Amino acid sequence: MRRVVITGLGIYSTIGKNLDEVKDSLYHGRSGIILDTERKKYGYQSGLTGFVERPQLKGILDRRARVSMPEQAEYAYISTLEALKNAKMSQDFLDNNEVGILFGNDSSSIPVINAIDIIREKHDTLLVGSGSVFQSMNSSVTMNLAVIFKLKGVNFTISGACASGSHAIGMGYFLIKHGYQDRVICGGAQEVNLFCVGSFDGLGAFSKRENEPIKASRPFDKNRDGLVPSGGAATVIIEDYESAVKRGAPILAEVIGYGFSSDGKHISIPDVNGPVRAIQNSLKDANISPDKIDYINAHATSTQIGDMNEAKAIDTIFGKTKPYISSTKSMTGHEMWMAGASEIVYSMIMLQNNFIAPNINFEEPDEITQKLNIVKQTVNKEINIFLSNSFGFGGTNSALIVKRFK
């Protein structure tokens, strides 16, 4: 089995447009949540959302490339540029070597809506436009980036609900570990437009704390009342250790464990046993005991039952060792398809800079969450090994373990 290392990171999120900005936000517990009053005009129960500015790509990419890209592909392009730069992976290298791409993405709403509106109103499919089909597919991110960066390795999208980004990294890790690929650009991307989460809002899953947006996302807090939707993109470049050394790549950390499972129960209500099995599988894959985990970046989205069941799952495995825990969603909101990848980036930033970001808005625990060692304020501490949890609709679960490279 080959060793799999992380050589590049990139981020474009509600708490920063690059690694430096995000590091500052994480350290100071700065929220990126706003109230979007436009959503209220369309009947949203909650107008809360993470704010992500659209990047300006005119002058950077030609029109042919731009017309095929929905917003989440634009975010992913920016995060991937940053990751490639700090991985010292040039376009010349991409041209002359087999590099793959796996991204988590599970929707592309606006292009579909726009195309249907045109067809219904104009009764003429020619008016939809040549880029629409490429924007509207779930695989939009990987198909666009594979062409832009001229990638020649594995190329597909993983749609695993809110575990999509985590599964993308896990699958890349699996392919490299077993010798199928040497290098894979992995990540997750999530649209943040007005209409993409309308049906989700209809479920009543969003926080109604509109009078104080930055306090709305409250993972593990007793008074949590729902999640806050968010998005952006995150990129994690992983490589075979020997190949990375050979090309002189900066080695940032090592992926040592990937575990997955399915609840096999309810389509939207998370279980306890499924996450327990995913975490146990990741520990088994990493060949480590629970006491070796220094920090857990929890999936915790700020919903009552979701946070409760994850807390139970964590306590089942880590009840005796009590590692530090925080949910960065307290600052970012729930980045959905992106979250599994972005939370690896956030945790990597902490690992590289020797601190643990706070679980902001955690003011009062409930009877379950009080059993966990949840970080309320930034802790200055060296992290050697961290676990990142990601769970999603349909009962899909993913757990990744990353180790400081020594």
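Before moving on, here are some points about what is shown:
- Cβ crowding within 10 Å ranks V245, V345 as V245, V345, fewest other Cβ atoms first.
- For a paramagnetic label modelled on S268 (point 7 Å from Cα along Cα→Cβ), amide N atoms under 18 Å away belong, within the range 1-45, to 43-45.
- The reciprocal of the average 1/r between distinct C-alpha atoms defines the Kirkwood hydrodynamic radius, which for the chain equals 20.9 Å.
- Relative contact order of the chain, taken over Cα pairs closer than 8 Å and 6 or more residues apart, is 24 percent.
- Gained length - D124 relative to M1, 0.36 nm times residue gap less alpha-carbon distance: 38.8 nm
- Kirkwood Rh and Cα Rg combined as Rg/Rh, the range 1-56: 1.19
- Cβ-based exposure ranking for T157, T7, in which fewest neighbours within 10 Å come first: T157, T7
- Put a dot 7 Å past the Cα of I113, heading toward its Cβ, do the same for N96, and the two dots end up 4.6 nm apart.
- Volume per residue of the convex hull around the Cα atoms, evaluated for the range 170-284, comes out as 174 Å³.
- Per-q log10 I(q)/I(0), the range 251-332, q = 0.11, 0.17, 0.23 Å⁻¹ (Debye; single scatterer per alpha-carbon; no solvent): -0.31, -0.73, -1.25
- Calculated from backbone phi, Karplus (6.51, -1.76, 1.60) coupling profile of the range 130-142 in Hz, x at Gly/Pro: 6, x, 4, 4, 6, 6, 8, 7, 4, 7, 3, 5, 5
- Zone residues, the range 18-41, relative to Q352, backbone N less than 13 Å from point 7 Å out along Cα-to-Cβ: 18-24
- Computing Rg and the Kirkwood Rh from the Cα coordinates of the range 1-144 gives a ratio, Rg/Rh, of 1.02.
- In the chain, helices alone account for a calculated mean residue ellipticity at 222 nm of -10000 deg cm²/dmol, with every DSSP H run of four or more residues adding -39,500 (n - 2.57).
- For the cross-link pairs K215/K265; K177/K403; K122/K208; K150/K284; K17/K222; K322/K376, the ones whose C-alpha atoms lie over 26 Å apart are K215/K265; K122/K208; K150/K284; K17/K222.
- Relative to its residue count, the range 99-165 spans a Cα convex hull of 79 Å³ per residue.
Since every read-out is calculated from the coordinates, none of them should be taken as a lab result. Just so we're clear, the structure is a prediction, and the values are computed from it rather than from any experiment. Neighbour counts are summed over all protein chains in view; Cβ atoms, including those assigned to glycine, are modelled from backbone coordinates with ideal geometry.
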